[in-house]
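Novice: Starting off with a structure, shown below.
The values are calculated or read from the model by the stated rules, or taken from the named source; none is laboratory data. Since the model is a prediction, treat every value here as computed from it, not as a measurement. Counting neighbours? That spans all protein chains shown, and the Cβs are built from the backbone with ideal geometry, glycine included. Accessible surface is based on the protein model in full, side chains and every heavy atom, while ligands, DNA and RNA are left aside. Shrake-Rupley method; radii C 1.70, N 1.55, O 1.52, S 1.80 Å.
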Amino acid sequence: MPVYKDKQGKGYFFSCYYTNNIGERKKKHSKYFAKKSDCQQAEREFLIKSKEITSGVMTVKDFYDVYYIT
């Protein structure tokens, strides 16, 4: 997925679609990052985490960690 530079040129962000745990398609717009590599890493982590959530092997602790801590 692409990483975008904001219009003022001060940082990077990513924007992507994912399917949540009840099957709805959602759009994710990240916070801004100073470095492009940090933004790409955050995007990779988000996509991995979102696939784990929709795979159906989520415990109550995982659910709590995702929705109440982050």
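Novice: Placing unit charges on C-beta atoms (Lys and Arg positive, Asp and Glu negative, everything else neutral), compute the dipole magnitude of region 1-50 about its Cα centre in debye, rounded to 20.
Specialist: The calculation lands at about 140 debye.
Novice: Give me the extension gain from residue 16 to residue 69: residue separation times 0.36 nm, minus the current Cα-Cα distance, reported in nm with one decimal.
Specialist: Length difference between fully extended and current span is 16.9 nm.
Novice: Which listed residue (22, 63, 47) has the Cα farthest towards the positive end of the charge dipole for the chain, taking +1 on Lys and Arg C-beta and -1 on Asp and Glu C-beta about the Cα centre?
Specialist: The residue sitting most towards the positive pole is 47.
Novice: Dividing the Cα convex hull volume of the chain by residue count, how many Å³ per residue is that?
Specialist: 92 Å³
Novice: Roughly how tilted is helix 36-54, in degrees to the nearest 10 and between 0 and 90, from the longest Cα axis of the chain?
Specialist: 20 degrees
Novice: Which longest run of the chain has no exposed loop site in it, a site being trypsin sites (Lys or Arg not before Pro) in a DSSP loop with at most 16 other beta carbons within 10 Å, and the site itself not part of the run?
Specialist: It works out to 36-70.
Novice: Ignoring ligands, DNA and RNA, what percent of the 1.4 Å accessible area of the chain is carbon and sulfur?
Specialist: Here carbon and sulfur together make up 53 percent of the probe-accessible area.
Novice: Which of the lysines could a cross-linker bridge to residue 61, judged by Cα under 27 Å and excluding same-chain residues fewer than eight apart?
Specialist: Cα-Cα hits under 27 Å: 26, 27, 28, 31, 49, 51.
Novice: Given a 1.4 Å probe, how much area per residue of the chain is accessible, in Å²?
Specialist: On a per-residue basis, the chain sits at 79 Å².
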